[in-house]
Amino acid sequence: MVQELIAPESVAAELITAIPNDAAATESPPALEALRRAFGVPFAHIDGGSGEVLRPTAEMPGGDWALWGEMSREVAARGHVELIDERGPLLVLAIPLGATSARGGMTNTVAVAAFLTRSVTSSQDIQNLAASLGAEVPQVAAWCHRQTVWTADALLRLAASAQHSLIVDARNVTLSSHVDKLSDNLASTYEEITLLFRLTENLRLSDGVSELGRRALEWLFEVVPAKGLAAEFSAETRLDEIPGQHASLPDFLTFGQFPLSHAEMDDLARRVCVAQSPQPIVINHHGGNQDQWLFPQVEQLILVPLISGGKSFGYLAAVNHVSDLEFGTVEARLLGSVATILAIHCGNTVLYREQAELFSGVVRALSSAINAKDQYTCGHSDRVARVAVRLAEEMGLAQDMRRTLYLAGLLHDIGKIGVKDEVLSKPGKLTPEEYEHIKQHPVLGYSILKGLKKIEPVLPAVLHHHESWNGKGYPDGLAGEEIPLIARILAVADAFDAMGSDRPYRKGMDDENLDKILHDGAGRQWDVEVIDAFFRAREDVREIAKHERETIKLDGKVWA
Ligand SMILES: [Fe+2]
Ligand SMILES: [Fe+2]
């Protein structure tokens, strides 16, 4: 019968969490309080490891605590409720409580209390009990008088039930604490995911690294409890020189109350070797040893390097906790995730920049090759390019189209590289054969450029810039709108520059004649809409043609 009431041994282990850790040895742990309420008497608290009494019960006169302590050690080891002594009407009950905080650490403890199995009123019984407990007779008599009478079976049943209830409480405490932790984690994970989502949504190369960094700081400030944030980007991540890109913001950005200057923050970053750190660096100096710390304005700090592909592009820093607490792993992880995205963006930006520079280099080289081959028309390509862009602007065409036209202008005569020198440089009139030979240059140019993926949009202009609106041009004899728009625009810019500029063997045509030819050619050789745009922008176009440039630039701000 008694065996059925005994809690399984695993129960004692579960009770470990039954007693909150903050219960000091001098205070009655909540489990002892619960037992006192259940049994109506206070329990002594005994160390299950040493058998020492941690907290006696003032209620009990005397007692064989040496024996009961020793028995409690065994009870603690076995983990279930037991009667550990029987002296006449006196029964001593021991209930293992699992680990309880005591003496600054966690100890397996046992609750112990004595009970009577019958009413003790005779002076002989009281004297015997007093002798057995080593206590004064009057105290024992008073104690006996206060006791409720129990049976062993009832005591064990109630003890088992109380222990079970403590286990349930313990589980509730554990679950509740898990739920709290989970909820905290969920909240911070949600914040992190939201922040990262917002950032990745804004990963546009055209915005530049600094712009993304500025937004990252703004959003981080909403979720990281820091008074100030900063981001530093290395110079190579700047996009100023790349065609079509916005000018970058400064490469040191701050948000909130950031207490250090750029130079001071760089110094700090260098001292803690952030560029070599694979993990976020967390420094909490508040209340600690400040002697070695050179930045008294910085109490707490998280510093994360921006590293991608083994290259460092700067760092991200959070400074001074808003509640003067320490920064922990949650904040560090958040900064780390944002830093990863920023670093990848930096890496992509640098790659993009290198590609753009390579592309510009190729275009410049090809353009120089035409000039070198055909010295008589030096500067022609650059002027055609700029005039074509002005015409496209006048026609309200989009930025992409203008950029393509600019490149088309620079490269439209690249096929002349394959034309014989003596034909290209012949000062006088060409023979029909020579003319046929020179007419090959659009097709030759197309063949030269067609392998370059990035130049693909330019190809129709290169191939068809000598087509004529009436279908009498070359190489394909296209007519009207069969001719790609880009080629129709380029054709006008090309004719304007070819007729208007001086050549060693002839003077450039005067404005009046030139205007007449273009005017008469509208709807015959050239697209009327392009010619109309030319006449609307005529003054600008003439200015552009007069202005020579030493080097060709591919910067969107200067090509027109
Ligand atoms: Fe041409
Ligand atoms: Fe040309």
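The values are calculated or read from the model by the stated rules, or taken from the named source; none is laboratory data. Since the model is a prediction, treat every value here as computed from it, not as a measurement. Virtual Cβ from ideal backbone geometry, glycine too; neighbours counted across all protein chains shown. Calculation scope for accessible area: heavy atoms of the full protein, side chains included, ligands and nucleic acids excluded. Shrake-Rupley method; radii C 1.70, N 1.55, O 1.52, S 1.80 Å.
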Dipole check, the chain, charges on Cβ (K,R +1; D,E -1), about Cα centroid: among PRO96, SER165, VAL530 the Cα furthest to the positive pole belongs to VAL530
For segment 374-546, give the magnitude of the charge dipole about the Cα centre (Cβ charges: +1 Lys/Arg, -1 Asp/Glu; no others), in debye to the nearest 20.
400
Debye, to nearest 20: dipole size of segment 323-451, +1 on Lys, Arg Cβ, -1 on Asp, Glu Cβ:
520
Which value, in Å to one decimal place, does the Kirkwood hydrodynamic radius take for the chain when every pair of different Cα atoms is included?
32.1
Between segment 339-365 and segment 48-66, the Cα center-to-center distance that results, in Å:
78
Rounded to the nearest 20 Debye, what is the dipole magnitude of the chain about its Cα centre when Lys and Arg each give +1 and Asp and Glu each give -1 at the C-beta?
1040
Once ligands and nucleic acids are excluded and a 1.4 Å probe is used, how much of HIS519 is accessible, expressed in Å² to the nearest 10?
120
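What accessible area per residue comes out for the chain, rounded to a whole number of Å², with a 1.4 Å probe? Write down the numbers at each step before the final one.
Working: 26990 Å² over 560 residues.
On a per-residue basis, the chain sits at 48 Å².
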Over 19 Å, how big is the tail of the calculated P(r) for segment 374-546, in percent of all Cα pairs?
55
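Sorting check: for 414-423, 450-459, 251-260, which peptide has the highest mean count of neighbouring beta carbons within 10 Å, and how do the rest follow?
Working: 414-423: 16.7, 450-459: 15.0, 251-260: 19.1.
Peptide ranking by packing, descending: 251-260, 414-423, 450-459.
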Computing the accessible area with a 1.4 Å probe over protein heavy atoms, can you report the carbon and sulfur percentage for the chain?
53
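If I take every Cα pair under 8 Å that is 6 or more residues apart in the chain, average their sequence separation and divide by the length, what percent do I get for the relative contact order?
On the way: 909 pairs, mean separation 51.2, N = 560.
Relative CO of the chain lands at 9 percent.
For the chain, what does -39500 (n - 2.57) per DSSP helix run (n ≥ 4), summed and divided by total residues, give at 222 nm, in deg cm²/dmol to the nearest 500?
Working: 20 runs with 275 residues, N = 560.
Helix-only estimate at 222 nm: -16000 deg cm²/dmol.
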Can you find, among PRO280, ALA141, VAL362, the residue farthest towards the positive end of the dipole of the chain? Put +1 on the C-beta of Lys and Arg, -1 on that of Asp and Glu.
VAL362
What number comes out for the charge environment of TYR190, summing +1 per Lys or Arg and -1 per Asp or Glu over other residues with Cβ under 14 Å away?
-2
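Among all helices in the chain defined by DSSP H, which have a length of 20 Å or more along the axis from Cα atoms plus a Kyte-Doolittle mean of at least 0.5?
Working: long enough: 152-201 (71 Å, 0.15); 208-223 (24 Å, 0.15); 329-373 (65 Å, 0.57); 380-394 (21 Å, -0.41); 485-500 (23 Å, 1.41).
Result, helices passing both filters: 329-373, 485-500.
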Mind checking which lysines have their C-alpha under 28 Å from LYS426, skipping anything on the same chain fewer than 8 residues away?
LYS373, LYS416, LYS439, LYS472, LYS507, LYS516, LYS546
Can you find, among PHE252, GLN399, LEU67, the residue sitting farthest towards the positive end of the charge dipole of the chain, where Lys and Arg contribute +1 and Asp and Glu -1 at Cβ?
GLN399
